[in-house]
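What follows draws every value from the coordinates through simple rules; no lab data is involved. Just so you know, these numbers come straight off a predicted model, no measurement behind them. Positions of Cβ are generated from backbone atoms using ideal geometry, with glycine treated the same way; all protein chains shown enter the neighbour counts.
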C-alpha cells in the first residue's frame, strides 16, 4: 500500500499544478489603419504618404477615383499598373506634395496618351517589370 501512496500523491500534485496554471493566449494584431484621403493616390510603400499627380498612370483610377495601391488595394492578382517612380521621395523627388483631404485638380490629371511611366507595379508595392 505504501508503494501506491507515493505515485498517487505525485499524480495528485501534478493535476493541481495543471489545473491552476493560467492558459497563455497568443494574439497577433496588425492595424494598418485607414487609407489616406489623397487626391492622386498614395505611395504603395510605408508610410503611404500622398503621391503627386503624375506618379500613377490612368489605369489606377476609375474616373476621378483612385482605386488603390498598398494594403488597401484588393484587386486582381494580375493587376499591372504603370508608375513614374521619379516622383517618389526615395528616388530623389522633392517637388510639391498634395495634402490629405485635398481635392484632385482636373487640370493636373494625367491622360492615357501623355503618361510616361518607367515601372510597372502590382498594387501591393512590388515592381513587376520595366516599361519599355
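Can you give the relative contact order of segment 73-126 as a percent, counting alpha carbon pairs under 8 Å and 6+ residues apart?
Working: 36 pairs, mean separation 34.3, N = 54.
Rounded, it is 64 percent for segment 73-126.
Calculate the FRET efficiency for residue 85 and residue 112 from the Cβ-Cβ distance with a Förster distance of 30 Å, rounded to the nearest 0.05.
According to the calculation, E is roughly 0.95.
In whole Å, largest first, what are the principal axis extents of the Cα atoms in segment 58-129?
30, 29, 27
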